[in-house]
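Colleague: This is the structure, below, for whatever I ask next.
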Amino acid sequence: QVQVVESGGGLVQAGGSLRLSCVASGSIFKINAMGWYRQGPGKQRELVASITSGVSTNYADSVKGRFTISRDTAKNTVYLQMNSLKPEDTAIYYCYTNTQATYWGSLHDYWGQGTQVTVSS
C-alpha cells in the first residue's frame, strides 16, 4: 500500500502565503508523477499543479505566477508554495501520486486525505 499525507493548510488573509507538503510512503518502486488537486465549495475538482520526473511541471492558469510546485525525490515529497493567495483559492487541496508499487506492477493513483486552505478577504 501507498500512503499519501498532506500538511500545511490553514487560514490566511488575501495576499498571504502558505506552503503545502505531501509525503508518499509505503510500497513505492517508482513515482511517475505527483501533484495537487483542489475542490472548493460547490465546485468541481481541478488540477492545480503537477510534476513529473522532477522536471516537467503543469499549472492551472489561475495559479500561474503565484504557485510553485517542487519535489524532493529522495523523500518522495512534493511541495506547493502558494503566494499572493486569493479568496478564490479557498478549497480542500488533495495531493496525489501516480505510483508504480513494484517493478512488475502498473501505475496507480493514490490520494491523500486533503488539507484545508482558507483565504479570507
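Colleague: Out of all the residues in segment 11-29, which are in a strand (DSSP E or B) and either free of Cβ contacts under 8 Å to residues at least 40 places away in the same chain or exposed (fewer than 13 other Cβ atoms within 10 Å of the Cβ) (or both)?
Modeller: Leu11, Gln13, Gly26
Colleague: Right, here's the next one. Checking Val55 against (1) open to solvent by 50 Å² or more (accessible area, probe 1.4 Å); (2) closer than 28 Å to Ser120 by Cα: exactly one of these is not met. Which one?
Modeller: Checking Val55 against (1) open to solvent by 50 Å² or more (accessible area, probe 1.4 Å); (2) closer than 28 Å to Ser120 by Cα, the one that fails is (2).
Colleague: For the subset of segment 101-121 comprising residues that are assigned to a strand (DSSP E or B) and open to solvent by 30 Å² or more (accessible area, probe 1.4 Å), which member is nearest to Val5 (Cα to Cα)? Walk me through it before giving the result.
Modeller: Just the residues of segment 101-121 that are assigned to a strand (DSSP E or B), to begin with: 107-111, 115-120.
Checking the rest, the ones that are also open to solvent by 30 Å² or more (accessible area, probe 1.4 Å) come to 107-111, 116, 118, 120.
Details: Leu107: 19, His108: 16, Asp109: 14, Tyr110: 10, Trp111: 8, Gln116: 13, Thr118: 19, Ser120: 25 Å.
The extreme case among them is Trp111.
Colleague: Note down all Cβ pairs under 6 Å where the first residue falls in segment 41-70 and is assigned to a strand (DSSP E or B), the second is of a type in the set (Ser, Thr, Tyr) and open to solvent by 20 Å² or more (accessible area, probe 1.4 Å), and they're at least six residues apart or on different chains.
Modeller: Hits for this filter: Leu47/Tyr37; Ala49/Tyr59; Ile51/Thr57; Ile69/Thr57; Ser70/Tyr79.
The values are calculated or read from the model by the stated rules, or taken from the named source; none is laboratory data. Since this is a predicted model, take the numbers as computed values, not measurements. As a convention, Cβ positions derive from the backbone with ideal geometry for all residues, glycine included, and neighbour counts pool all protein chains shown. When the accessible area is computed, the model is the full protein with side chains, heavy atoms only, and any ligands, DNA or RNA have been set aside. Shrake-Rupley method; radii C 1.70, N 1.55, O 1.52, S 1.80 Å.
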